[in-house]
Every structure is written in C-alpha cells, then in structure tokens.
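The values are calculated or read from the model by the stated rules, or taken from the named source; none is laboratory data. Note that the structure is a prediction, hence the values are computed from the model and not measured. FYI the Cβ positions are ideal-geometry reconstructions off the backbone, even for glycines, and counts take in every protein chain you see.
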Amino acid sequence: MQFQSPTLLTADIKISPDYQNKYLFLEQKILTLVLPLLDGPHTITSELVKVGLLNNFGNPSIMASCSVWYDFDSVNKRLTLCADELVSEKSTYITTFLNGVSNPHYQYAHSINSYASHENLLWNPNTPLTPGLAEELQSLTQRVNKELLERAIDMNLTVVQLAPPPPLPAELYKQLCPVYHNDRFVEFYDESKSYGAEYTVGNLHSIYEGKATFAADFKYANVIGSTADPKHGVSSWIELWRTTYKVANPTNCSSYHFAGTPGGGEIKPEFNCRGHFVGGHVIEGENASVMPERSDDVFIIPICTAHNNTNKAYMMPVHDNRAIMLKNYFKSYKVAYTI
Ligand SMILES: [Zn+2]
C-alpha cells in the first residue's frame, strides 16, 4: 500500500506582541502552525522562538511557543478544536519562559489569570511591572483559535469548538436539562411535573459539546421523533442557539428555500421556508432518522417550521452555518442528584 502523507492545516499565527518598557523588550513574531489531519486526537506544539529579552538580570532571552489540541475525523471531514471559553487541559495556550530558567507561563484564551509560577518573580506577564501584557497575550491566544477556525473553514471542514454552554437564565437552563428513568432518557425537565425518586435529572453541561460551524457542502436532516421534548423545548433550543452566538434572532432559516432529495441529489428549488424559527435537532446526512441512543452526533441549528416538519428532504447551510453540537444525547448515566 502506498503511503499517503496527511493533508496539513497550516495557520500563520502571531505569538508575541510588540511590547517595550523599562523592564522588558518584546517584539512581534509570526510563526506557522502545522496540523497534520490524521484521525484521532493530537496535541501539537510549534517551534520555539525567541521573542525578546528582559532588561536586567543579565538580559535573558524570552522564548515562546504555542500548543494546540485538536481531533480529526476524516469520514465526516470534522475538525474539533477548543473555543476561547473552554477551561480545560485541552485549551490552546502560548508558553513563554526565560531562556535557561524553568517556571514557564501558560497563557490561555479564557482568562488573563492563566497559569504562572509564583516562584519565579522574574517572569510573570500579569504583574504591575508589565501593565496590559497578559491581556495582549490572551488576545493573541484567541487569535490563534480564530485563525485555526478560519483556515479549517477555508478547507471546507466542519469545525466543532469545544465549549461550555453560554450563561443562561436559570429558568431556561432548567428546561434544557435531561430527565432519566432507569438510565433511559425520558424528556427534558418539566417543572409542572412531579418526578418520583426513580427519576434523575442531568444537566445541560453534560449534553452540550460546543459550537459547530458547518462546511459549505454539509448536508443535514431532521432527527425524527423528538416528541420527548416538551412543548417549551421548542423555544428553549432556539434560545440556547441565540445565547451561544449572541444574536437577537436568526434572520432566516439556515437552509433558506433549499431542500434536497435524498439519494438522487435532486434539488427542489421551489421549497419555501415559512412559519417561525425553531432550534431544529438535526444530524449529518441526507436522511432524516430516529435519534440514535447515546448519540454524539446531534446538532441544533435554526430552521423554519416548514423544514422542521419535512423529513423527506435534506438541508444545507445556505443562509447560516452556525450550529450547536450536543453529546451524550439520550445517553444513560447516573446523575448527581435526584428529585
Ligand atoms: Zn426553512
């Protein structure tokens, strides 16, 4: 068998800012991150570069590198990355340290209070000696995530960015919590009901995987039979989407006026979107399907009620490609508390 070298995702990233003061000289450095698109999870670290020096203590060099976790699925052309707000050992970070000295500083995208050793007073970007430097490094780390997302979209990949759910009002959060009975998913939490002790309630964090950006040629179809979703769930899911993407309202159905015929690829341009918008439960592919148990493949994306009620056609993200990815959906597990 002939060995094929993997496709590479390359991104030029800025790893250090121009920043000079009495104590420090940093200059802007750009390097190229290379992610081999091989199946499975990987962590890559860029080359190590000198980005400046400390104006004292023998003027030691300041070195920097960037580390990125990612997971690739070649079958679904899906690349999983970390969103800025993810607090995890997987999160993207820029490492800086003084040459020849241990105690590196790790700057994540989610907070300026990223890990720094308090044992090395010579190198911590988040002190009054270097005002604004931690913010600049945080902003660069966020730009790394943005650059990776954009390059992946350029390559026509579907991108999932791991993230916690956005901050939600308690009332809405409750409506998005799954209820289980004998380890089987029953429905989403309905406050008007009184559940017995044999029921358990999971939380939204346990089923929210992150944000997904569909590739331009991504085809999706309805999940059939989400009748276990109580009526209030129809508005809850679109609220979750709105809050995730910080938009007031979807301006249109994501598959605006588009419906494809499964199998033949025949397109029905006469399909007219109508009704109101819902956060539709969809899966990848041309065929609507019953939601598989324990699925990690369910997405939420705004669709009109006409699309939501049409299981014989598939959709494409002609108007909006921003979705939410769920995980462990319908998965059975014991939860922390009962009602
Ligand atoms: Zn529609």
Residue that is modelled with the lowest pLDDT, among those in region 265-304 that are small (Gly, Ala, Ser) and in a strand (DSSP E or B):
295
Could you grab me the full set of residues in region 132-154 that are surrounded by 21 or more Cβ atoms within 10 Å (Cβ to Cβ) and closer than 10 Å to residue 15 by Cα?
137, 141, 144
Within region 194-223, which residues are touching a helix residue (DSSP H, G or I) at 6+ places or on another chain (Cβ under 9 Å) and of a type in the set (D, E, K, R)?
211
Matching residues, region 17-48, being touching a residue at least 60 places away in the same chain (Cβ under 8 Å), closer than 21 Å to residue 91 by Cβ and outside any loop (DSSP other than H, G, I, E, B):
33, 35
The correct count of residues that are in contact (Cβ under 8 Å) with a residue 40 or more places away in the chain and either touching a Pro at 6+ places or on another chain (Cβ under 8 Å) or charged (D, E, K, R) (or both) in region 49-73 is 3
Of the candidates 39, 84, the one satisfying the condition of being at pLDDT 95 or above and over 23 Å from residue 143 (Cα atoms) is 39
Residue 191: at pLDDT below 90, surrounded by fewer than 21 Cβ atoms within 10 Å (Cβ to Cβ) and in contact with a Lys or Arg (Cβ under 8 Å, 6 or more places away or on another chain), yes or no?
yes
Might you let me know whether region 218-231 holds any residue that is farther than 18 Å from residue 282 by Cα and in contact (Cβ under 8 Å) with a residue 12 or more places away in the chain?
no
Checking the structure you have, find out if any residue of region 49-67 is assigned to a loop (DSSP other than H, G, I, E, B), surrounded by 19 or more Cβ atoms within 10 Å (Cβ to Cβ) and either of a type in the set (D, E, K, R) or more than 22 Å from the chain's Cα centre (by Cα) (or both).
no
Tell me which residues, restricted to region 165-181, are farther than 21 Å from residue 212 by Cα, assigned to a loop (DSSP other than H, G, I, E, B) and in contact (Cβ under 8 Å) with a residue 24 or more places away in the chain.
none
